[in-house]
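A.B. asks: First the structure, which I've put down as C-alpha cells, then a few questions once you've had a look.
The values are calculated or read from the model by the stated rules, or taken from the named source; none is laboratory data. Remember, predicted model here, so these are calculated numbers, not experimental data. Using ideal geometry, Cβ is built from the backbone for each residue, glycine included, and neighbour counts are taken over all protein chains shown.
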Amino acid sequence: MQLVTFSLEDELFCLDILKVQEIIRFQPITPVPHTPGFVDGVITLRGKIVPVIDLRTRFHLPRTEHTNATRIIVINVKHILLGLVVDAVHEVTNLAESAISHAATMGSEMNDYVAGVGKLRDRLVTMVDVDAIGTPLAGSRAA
C-alpha cells in the first residue's frame, strides 16, 4: 500500500495515500467558536471551508511553533475535507499490508486513532486511522 509519511516530534507516522487529497504549506487558521478543542479552526482552500485539526493536540502532544516545514495534509473523510497540521511531511512510500501490525501498542490517548504499526527502513511508523480522526466532524456535518 502507498503511504504518506510525516512526523510529529521525533515520531514517524503515515496515512494511506488514497485518503490524502493534497498537501499544502501551513497557512493562517481562522478560529471558530464552539468547535471541539482539537479543532484549531478553518482555512479556505479554493473557495471551500476546510476544518483543521492539529494532530499534536489530538494526540495530546505539546504544542510548538509552526516552522517552514509545517504542513497541512488535506484528507477526505466520508466526502468531507479536513486539514491535519503536522510538523513535516517526508515522502510517499510503499509498505506491504502484511508488514503492518494492527495490534494497539500506543499510549491510551492515541489508541483510538492508530490503525497499526509497521517498520520502515529500521524505524517504527505509526499508521493513523483517518476515519477515526475525522469521524466526529464528518458525522456532525453529514446530519
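A.B. asks: If you go through region 132-143 one residue at a time, do you hit one that is at pLDDT 85 or above and not in a helix (DSSP H, G or I)?
C.D. replies: Checking region 132-143: not a single residue is at pLDDT 85 or above and not in a helix (DSSP H, G or I).
A.B. asks: Please specify each residue of region 108-131 satisfying the condition of being among the small types (Gly, Ala, Ser) and modelled with pLDDT of 85 or more. Lay out the reasoning, then the answer.
C.D. replies: Narrowing region 108-131 to residues among the small types (Gly, Ala, Ser): 108, 115-116, 118.
Across region 108-131, the qualifying residues are ALA115, GLY116, GLY118.
A.B. asks: Under 7 Å between Cβ atoms, at least 6 apart or on separate chains: pull out the pairs that start in region 53-73 with a residue that is under 11 Å from ILE24 (Cα atoms) and end on any residue that is exposed (fewer than 11 other Cβ atoms within 10 Å of the Cβ) and modelled with pLDDT of 95 or more.
C.D. replies: As it stands, the answer is ARG71/ARG25, since those pairs meet every condition given.
Residues checked against (1) modelled with pLDDT under 95; (2) in a strand (DSSP E or B); (3) under 23 Å from ARG123 (Cβ atoms); (4) under 11 Å from the mean Cα position of the chain (by Cα):
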residue: HIS66; (1), (2), (3), (4): yes, no, no, no
residue: VAL74; (1), (2), (3), (4): no, yes, no, yes
residue: LEU84; (1), (2), (3), (4): no, yes, yes, yes
residue: MET106; (1), (2), (3), (4): yes, no, yes, no
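A.B. asks: Oh, and also: Pairs only if they're at least six apart or on different chains, beta carbon under 7 angstrom, first in region 8-31 and hydroxyl-bearing (Ser, Thr, Tyr), second outside any loop (DSSP other than H, G, I, E, B); list them, first residue then second.
C.D. replies: So the pair list comes out as THR30/GLY41; THR30/VAL42.
A.B. asks: In region 19-64, which residues are part of a loop (DSSP other than H, G, I, E, B) and surrounded by 19 or more Cβ atoms within 10 Å (Cβ to Cβ)? Write out each step before concluding.
C.D. replies: Start the filter on region 19-64 by keeping residues that are part of a loop (DSSP other than H, G, I, E, B), which leaves 26-29, 31-38, 46-47, 59-64.
Those that are part of a loop (DSSP other than H, G, I, E, B) and surrounded by 19 or more Cβ atoms within 10 Å (Cβ to Cβ): ILE29, PHE59.
A.B. asks: Applying the selection to region 41-69, what residues are hydrophobic (A, V, I, L, M, F, W, C) and under 24 Å from LEU12 (Cα atoms)?
C.D. replies: Applying the first criterion (hydrophobic (A, V, I, L, M, F, W, C)) to region 41-69 yields 42-43, 45, 49-50, 52-53, 55, 59, 61, 69.
VAL52, ILE53, LEU55, PHE59, LEU61, ALA69, listed by residue number.
A.B. asks: Mind listing whichever residues of region 90-104 are at pLDDT 80 or above and in a loop (DSSP other than H, G, I, E, B)? Write out each step before concluding.
C.D. replies: Pass one, region 90-104, residues at pLDDT 80 or above: 90-101.
If the condition is that a residue be at pLDDT 80 or above and in a loop (DSSP other than H, G, I, E, B), then LEU95, ALA96 are the ones that fit.
A.B. asks: Separate question: State yes or no: is GLU11 farther than 19 Å from VAL114 by Cβ, out of contact with any Pro (no Cβ under 8 Å at 6 or more places or on another chain) and either surrounded by 17 or more Cβ atoms within 10 Å (Cβ to Cβ) or not hydrophobic (A, V, I, L, M, F, W, C) (or both)?
C.D. replies: Working: farther than 19 Å from VAL114 by Cβ: no; out of contact with any Pro (no Cβ under 8 Å at 6 or more places or on another chain): yes; either surrounded by 17 or more Cβ atoms within 10 Å (Cβ to Cβ) or not hydrophobic (A, V, I, L, M, F, W, C) (or both): yes.
When the stated conditions are applied, GLU11 does not pass them.
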